[in-house]
Amino acid sequence: MCPRCREPLIVMEFQGVEVDHCLDCRGTWFDAGEVEFLAETAGVEPGKIESAIHASGQQTGELKCPRCRRRMQVLKVGQQPAVEVDRCPAGEGLWLDAGELAAVVKTFGGTQDAALAEFFGDLFKHELSDATEDA
Ligand SMILES: [Zn+2]
Ligand SMILES: [Zn+2]
């Protein structure tokens, strides 16, 4: 279920990475390592995001992890400007609101990857997978 709207998430695939996406708020759940992988395909230096996540202050937020249902931690990663992302307290993955992946890529010096921007900027244009998470 979507941590924001509690709607079922749909499974979508991009460059071999499966993500869970909410059609309502257009937020996306990434399993551990997937944000880093996708950002690296857009030119972000390997390890940069991971170390920023480790270095960032943590604060318990309002949203619950779609996997373990525990309240996620709000992390502020990067600078100028920092991007707020929600992370599972057990490290299972990250929840990014609409447009936040592009913001993360930009903050960490990645180049604008057209395919990535298109996919995560406007998922409605893409064919949707039939698979639905059991929420
Ligand atoms: Zn939602
Ligand atoms: Zn979790």
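Structure notes:
- Only one entry in THR28, THR41 is hydroxyl-bearing (Ser, Thr, Tyr), over 16 Å from VAL77 (Cα atoms) and more than 16 Å from ligand 2 (Cβ to nearest atom), namely THR41.
- Unique residue being more than 13 Å from the chain's Cα centre (by Cα) and either outside any strand (DSSP E or B) or surrounded by 15 or more Cβ atoms within 10 Å (Cβ to Cβ) (or both) when the list is MET12, MET1: MET1
- Taking the criterion of being within 16 Å of ligand 1 (Cβ to nearest atom) and among the aliphatic types (A, V, I, L, M), the residues of region 96-106 that qualify are LEU96, ALA98, LEU101.
- For region 71-95, the set of residues classified as away from ligand 1 (no atom under 16 Å from the Cβ) and in contact (Cβ under 8 Å) with a residue 60 or more places away in the chain consists of GLU92 only.
- Subset of region 22-70 [within 13 Å of the chain's Cα centre (by Cα), part of a loop (DSSP other than H, G, I, E, B) and of a type in the set (Gly, Ala, Ser)]: GLY27, ALA32, GLY33
- Candidate set from region 53-76 (those that are hydrophobic (A, V, I, L, M, F, W, C) and at pLDDT 90 or above); member that is surrounded by the most Cβ atoms within 10 Å (Cβ to Cβ): MET72
- Hits in region 13-40 (condition: out of contact with any Gly (no Cβ under 9 Å at 6 or more places or on another chain), more than 14 Å from ligand 1 (Cβ to nearest atom) and touching a residue at least 24 places away in the same chain (Cβ under 8 Å)): GLU13, PHE14, GLN15, LEU38
The values are calculated or read from the model by the stated rules, or taken from the named source; none is laboratory data. Predicted model, so just to flag it, every value in this text is computed and none were measured. FYI the Cβ positions are ideal-geometry reconstructions off the backbone, even for glycines, and counts take in every protein chain you see.
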